[in-house]
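Comments concern the structure below.
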Amino acid sequence: MSKLEFLATLESIIDARLAEKSDDSYTASLAARGIHRIAQKIGEEGVEVALAAVQEKDDLILSESADLLFHLLVLLRVRG
């Protein structure tokens, strides 16, 4: 799977979770908490990426970058 295909798949999953609005869905509950909370999560994840980079821990950089990307995509979807 290419990186672009991965992003398209992730966007589809996010869209589905937002449409379902299930209480069991982190994505739906995050969206329900609003833009301010999503923006806060993006800030937190950005700091975690920066800290992982300073520690030079590649696996942690990848993990935190994935979290940052996820939260950014949720923000973009919620904002329309």
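Data for the structure
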read-out: Area of SER12 that stays accessible when all protein chains are in place (1.4 Å probe, Å², to 10); value: 70 Å²
read-out: Karplus-derived HN-Hα couplings along the stretch 28-42 (A = 6.51, B = -1.76, C = 1.60, θ = phi - 60°), whole Hz, x at Gly and Pro; value: 5, 5, 5, 4, 5, 6, x, 4, 4, 5, 5, 4, 4, 4, 4
read-out: Helix-only [θ]222 nm of the chain, DSSP H runs n ≥ 4, -39500 (n - 2.57) each, per residue, nearest 500; value: -29000 deg cm²/dmol
read-out: Accessible area per residue in Å² at 1.4 Å probe, computed on the chain; value: 70 Å²
read-out: For ASP67, net neighbour charge (Lys/Arg +1, Asp/Glu -1) across residues whose Cβ lies under 11 Å away; value: -3
read-out: Residues SER22 and LEU72, FRET efficiency given R0 of 25 Å [Cβ-Cβ distance, rounded to 0.05]; value: 0.70
read-out: Nearest 10 degrees, 0 to 90: helix 3-20 Cα axis against the chain principal axis; value: 40 degrees
read-out: Whichever lysines have a C-alpha closer than 20 Å to that of LYS41, once near sequence neighbours (fewer than 8 apart) are set aside; value: LYS21
read-out: Relative contact order computed over the chain (Cα-Cα under 8 Å; 6+ residues apart), in percent; value: 30 percent
read-out: Rounded to whole Å, sorted largest first: equivalent-ellipsoid semi-axes of the chain, Cα gyration tensor; value: 23, 16, 10
read-out: Residues in the stretch 34-69 reached by a label modelled at GLU11 [backbone nitrogen below 19 Å; 7 Å Cα→Cβ]; value: 66-69
read-out: Environment charge at GLY43 (Cβ cut-off 14 Å; Lys +1, Arg +1, Asp -1, Glu -1); value: -3
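The values are calculated or read from the model by the stated rules, or taken from the named source; none is laboratory data. Keep in mind that what you see is a predicted model, and the values were worked out from it rather than measured. Don't worry about glycine lacking a Cβ; one is built from the backbone with ideal geometry, like all the others, and counts go over all protein chains shown. Keep in mind that these areas ignore ligands, DNA and RNA; they rest on the heavy atoms of the full protein, side chains included. Shrake-Rupley method; radii C 1.70, N 1.55, O 1.52, S 1.80 Å.
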